[in-house]
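Here's the structure, in structure tokens; my notes come after.
The values are calculated or read from the model by the stated rules, or taken from the named source; none is laboratory data. What you see is a predicted model; the values in this text were computed from it and never measured. Neighbour counts run over all protein chains shown; Cβ positions are idealised from the backbone, glycine included.
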Amino acid sequence: MNIIEVLSMEKPVLENEIGRILKISRAAVRKQINTLKQAGYTIKSSSDGYTLIKDVDLFNEYEIESKLKKQLSVCKTVKYYKELPSTQTAVKKLAEKDFREGFVVVAGKQTNGYGRIRREWSSNDGGLWFSMLLKPSIHPKETPKLALLLSIALNRTLEKNYGVSSKIKWPNDVLVLDKKIAGILVEMSAKQDITNWVVAGVGININNNLPKDLEGFAVSLKTILKKRVDISGLLAAFLMEFENLYIAFWKKGFKQFYDEYNDKMAYRNKPVTIDVGYGIISGINLGIDEEGKLVIKTSNGFEKIISGTLRELKK
Ligand code: BTN
């Protein structure tokens, strides 16, 4: 238990009660209270004790730690920074330094966030921007499956914790009411048949204001729920959900997830185009197969696609 959890249990809490629960001296309690105040918490003190004033916009390492109800077995270290150029770049540097699997870097704001095909990713204060270092024992060809897993984890997190139903636009955009609420970026390093590392970046629009030019295409959770959302709570819920999926994936492979992915898929059985880099494939989107490949029924037969940009073909 940490001091935030103690202060959240009841209001107000006396100094010696906090000391007793945390097994520290009253002087140490005062020191921790001061550190929290410096970190941005509002803590009122009176003769009845300390009262923590809750603020959903507070997003820092204490908040994240206190929301991670169970000890995570993969994502064991979560490091928070107020601002970074990009959590993705930061974790890729750690990966090269041989950091262990499960290292997560979160930023309150990114000044140089990027998405797939190096597109600029708007990352103001109020959103959730993080990257995870993963080291799965899989063939490099299988890493796109991780992006599919991440989008299922996010879809489940939104549904279970906020009652928000979302769709997955293949491969890994998460949409609510047909607008993008989150994007996932999976980058990796491999040598021949061995995957050295995978860095999975997730960007979720939560309480952030979206730039005007994105308003027609993107949406935030705050707009959907008509209230601000506790960002660290969402991160903790996501990490717990993802870990369960990731562990099940190690044990039994991807096949167990493909039905769920297809159920949640946007524009399924609809005419779509896929930009595969070397050309455009058009046809009916039949969903993914057991291997996680997208199956498109074209005028010449069936195409199986591993990566690309899908667009709905509007009549
Ligand atoms: C996309 O939809 O194109 C993927 C967007 C991924 C954005 C996240 S935010 C956290 C991490 N850091 C980055 O610079 N990018 C990813």
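Residues that are crowded, with 19+ Cβ neighbours inside 10 Å and hydrophobic (A, V, I, L, M, F, W, C) within the stretch 111-132 comprise Trp121, Leu128, Trp129, Phe130, Met132, listed in sequence order. Only one entry of Lys97, Lys141, Lys135, Lys145 meets the criterion of being at pLDDT 90 or above, over 15 Å from the mean Cα position of the chain (by Cα) and either crowded, with 19+ Cβ neighbours inside 10 Å or under 26 Å from Lys37 (Cα atoms) (or both), and that entry is Lys145. Applying a threshold of 8 Å to beta carbon distances and a minimum spacing of six or more residues, or different chains, the list of pairs starting in the stretch 85-97 at a residue that is over 19 Å from Gly108 (Cβ atoms) and in contact (Cβ under 8 Å) with a residue 12 or more places away in the chain and ending at one that is basic (Lys, Arg) and within 8 Å of the ligand (Cβ to nearest atom) is empty. As a summary of the residue check, Asp57 satisfies the conditions (1) touching a Lys or Arg at 6+ places or on another chain (Cβ under 9 Å); (2) under 19 Å from Val199 (Cα atoms); (3) in a loop (DSSP other than H, G, I, E, B) except for the one numbered (2). The residue that is surrounded by the most Cβ atoms within 10 Å (Cβ to Cβ), counting only those in the stretch 6-21 that are part of a helix (DSSP H, G or I) and over 31 Å from the mean Cα position of the chain (by Cα), is Ile18.
Being away from the ligand (no atom under 16 Å from the Cβ), touching a residue at least 24 places away in the same chain (Cβ under 8 Å), part of a strand (DSSP E or B) and not hydrophobic (A, V, I, L, M, F, W, C) is true of Tyr50.
Listed here are the residues, each with its yes/no results for (1) under 27 Å from Asn244 (Cβ atoms); (2) surrounded by 13 or more Cβ atoms within 10 Å (Cβ to Cβ).
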position	(1), (2)
Thr51	no, yes
Val56	yes, yes
Glu63	yes, yes
Ser66	yes, yes
Gln71	yes, no
Tyr81	yes, yes
Pro85	no, yes
Thr89	no, yes
Lys92	yes, yes
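Restricting the stretch 172-196 to residues that are within 16 Å of the ligand (Cβ to nearest atom) and within 29 Å of Lys97 (Cα to Cα) leaves a set whose member that is modelled with the lowest pLDDT is Asn172. For the stretch 102-126, a residue qualifies if it is in contact (Cβ under 8 Å) with a residue 60 or more places away in the chain, in a loop (DSSP other than H, G, I, E, B) and more than 7 Å from the ligand (Cβ to nearest atom), and the qualifying residues are Ser122, Asn124, Asp125, Gly126.
Here Phe99 clears all of (1) assigned to a helix (DSSP H, G or I); (2) more than 14 Å from the ligand (Cβ to nearest atom); (3) touching a strand residue (DSSP E or B) at 6+ places or on another chain (Cβ under 7 Å); (4) not polar (S, T, N, Q) except the condition numbered (1). Only a single criterion out of (1) modelled with pLDDT under 90; (2) more than 16 Å from the ligand (Cβ to nearest atom); (3) in a loop (DSSP other than H, G, I, E, B) is not satisfied by Tyr62, namely (3).
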